[in-house]
Amino acid sequence: LPPPNAHPPQHRAAEPLAPGKLANYESQRGAHAYRQDHEQKLHRQLSTRLEKKIYTKLLGDLRCDLVLDLPSGYGRLFPLLREHAPRVIEADWSGSMLALNREEHAGAAFGYLRCSALEIPLPDGAVDLAVSVRLSHHLEQQSDRERHLRELFRVARRGVLLSYFSFHSLKNRLRRLRAPFDKKPPKNTLRTARVRALGTECGFALRAAVPLSRLGSGHVFTFFERA
Ligand SMILES: C[S@@+](CC[C@H](N)C(=O)[O-])C[C@H]1O[C@@H](n2cnc3c(N)ncnc32)[C@H](O)[C@@H]1O
């Protein structure tokens, strides 16, 4: 495996996100604020608790050797992923997030990799399981959301765990109904049928798709296994 930063990302990762969003994640202040939010705000704590139940349901007692957590952020999911594999690569575009991650978990990851999720600097089938949580809905273009997913399928040998914002969720339906009045931009969504089709195309079968909450959230967590 390459050491961190051995492959400087070719793709300018700032482009796929709304202006300012990635700069915020890249800044030390933004990275610390993200961690503080998740540690202190009640709705974030609740969401992490719900998510953990979903991971237990999706991954069961899956054991593997090497997991890629991309984007890892400050390592919110690192302890959980370590329960499934002795080696976890924490990867993110933001150097500040990776620094915080390393500090938070005493450098316990197998590696810290700064890279773009649209161009993962790992060979095909390099990891057993590729995990992408809470990135897809930040990618503005459908083509980038699909490109990221294809990259996960490319580097994963056995499984992919992906979260995305569902086009068909109640939250998105309401957003679309209100759009002519409140002029809020549309959410960056994916349709489960499309996600399933991409998986099939890349040799993966969709095993489960679980919403975080049917009413309060549009996030869906999916698990794919190599067919
Ligand atoms: C909402 S956080 C999610 C982090 C982690 N998965 C979690 O659930 O706590 C989004 C992360 O995506 C990273 N990110 C944004 N665009 C990226 C890109 N194009 N490539 C890699 N990482 C990216 C940000 O730096 C940030 O750490």
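The values are calculated or read from the model by the stated rules, or taken from the named source; none is laboratory data. Bear in mind the structure is a predicted one, so any value in this text is a computation, not a measurement. Cβ sites come from the backbone with ideal geometry, for glycine too, and all protein chains shown count toward neighbours. Ligands, DNA and RNA are stripped out before the accessible areas are found, and what is left, the full protein with its side chains, is counted by its heavy atoms. Shrake-Rupley method; radii C 1.70, N 1.55, O 1.52, S 1.80 Å.
For the reader, a short list of remarks on this structure follows.
- Phi angles across segment 201-209 convert, under the Karplus curve 6.51 cos²θ - 1.76 cosθ + 1.60 with θ = phi - 60°, into 3J(HN,Hα) values of 4, 9, x, 10, 10, 6, 8, 7, 9 Hz, Gly and Pro given as x.
- In terms of overall dimensions, the C-alpha atoms belonging to segment 124-204 reach 47, 19, 18 Å along their principal axes, ordered largest to smallest.
- DSSP beta bridges fully contained in the chain are about 50 percent antiparallel.
- Gain on full stretching of the segment that runs from Ala208 to Glu103 - 0.36 nm per residue minus C-alpha separation: 34.4 nm
- Mean Cα-pair separation over length for the chain, i.e. relative contact order, pairs under 8 Å, 6 or more apart, %: 19
- Accessible solvent surface per residue of the chain, calculated while the other protein chains remain in place, 1.4 angstrom probe, Å²: 49
- Paramagnetic label zone (point 7 Å from Cα along Cα-to-C-beta, Arg157; backbone N under 14 Å) in segment 46-75: 63-68
- Percent accessible area from carbon and sulfur atoms, segment 6-152, protein chains only, probe 1.4 Å: 51
- Lysine pair count for the chain [Cα-Cα under 29 Å; pairs on different chains or 8 or more apart]: 23
- Mean sequence separation of contacting Cα pairs (under 8 Å, at least six apart), scaled by the length of segment 123-227, corresponds to a relative contact order of 30 percent.
- Sites Lys183 and Asn24 - FRET efficiency at Förster radius 30 Å, r taken between beta-carbons, to 0.05: 0.85
- Taking N as the residue count of the chain, its C-alpha radius of gyration divided by 2.2 N^0.38 Å amounts to 0.97.
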